[in-house]
Amino acid sequence: MTGESLRRLVYVTGIASALAFVVGGAWLQLAGVKPIDSSGELILQSAADHRTSLLACYVFWNAANLVQLVFLLALSFAIYRAGHSLSAVFGAASATVLAALIWVGYAFLGALAFRTPDVSAESSQLLSDLFYLTLSLAGFPGALTAAALSWPMLQARGLMRCAGWLGMASALAHLEAAMALARSGAWSPGGWGGYLAPALIVAWLFVVGFIFYRSESPLEER
């Protein structure tokens, strides 16, 4: 792959995944996904009322996750070409684990929507808990991915260095979200960390994509 093709792949998938996550986040709210502290009866009723929307959301998020994985792997390759091989290897490996955990998490959501209304309230609550807890667990590889791929950016200058600091902030937010395992409240998977980490990663995806769009060699600018 030529340098120009790689640059184009990074900015197209970066901006596309950022926009997809914004749409997907709003879609989750409209699809009636309930907080982790909701009762099984409420989760089951909401899933029954929004079954079609939940199934469509499940398909959409799987596609969005694939686009993000392509972005992260392409960015890792660009970083490797810029001479940061260790960051590239850690970034690509953790990005793959991150994508796998997100797919597993949304599989639980898809199962909840697909089996409604045949499942019991207890099973609905279990599937909902597994959905949230798997996405929380994804915070660990998410933090490693953001940190590994942002480290070389801190050695650049201008807007790329700002993107590096944004990525580091996203890594810390993902680490907090991964350890937020309270049943309810701010330190639960549905607490503030569950909103801050996605918001920061969306901003990072968009900023990095924009930088690669406007600069022919963003990682080589010192």
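Listed values, structure above:
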read-out: Spatial extent of the stretch 3-214: Rg and Dmax, with the Cα atoms as the point set, Å; value: 17.6, 56
read-out: Cβ-based exposure ranking for Thr145, Thr52, Thr13, in which fewest neighbours within 10 Å come first; value: Thr52, Thr13, Thr145
read-out: Shape call, the stretch 1-63: gyration tensor on alpha carbons, a/c limit 1.5; value: prolate
read-out: Rel. contact order, % - alpha carbon contacts under 8 angstrom, at least six apart, the chain; value: 26
read-out: Inter-part distance where the stretch 4-50 and the stretch 119-157 are each reduced to a Cα centre, Å; value: 13
read-out: Helix-only mean residue ellipticity at 222 nm for the chain, each DSSP H run of n ≥ 4 adding -39500 (n - 2.57), per residue, nearest 500; value: -27000 deg cm²/dmol
read-out: Summed side-chain charge close to Leu54 - residues other than Leu54 whose Cβ falls under 13 Å, Lys, Arg +1, Asp, Glu -1; value: +2
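Readers should treat all values here as calculations from the given coordinates under stated rules, not as data from a laboratory. What you see is a predicted model; the values in this text were computed from it and never measured. Positions of Cβ are backbone-derived with ideal geometry, glycine not excepted, and every protein chain shown enters the neighbour counts.
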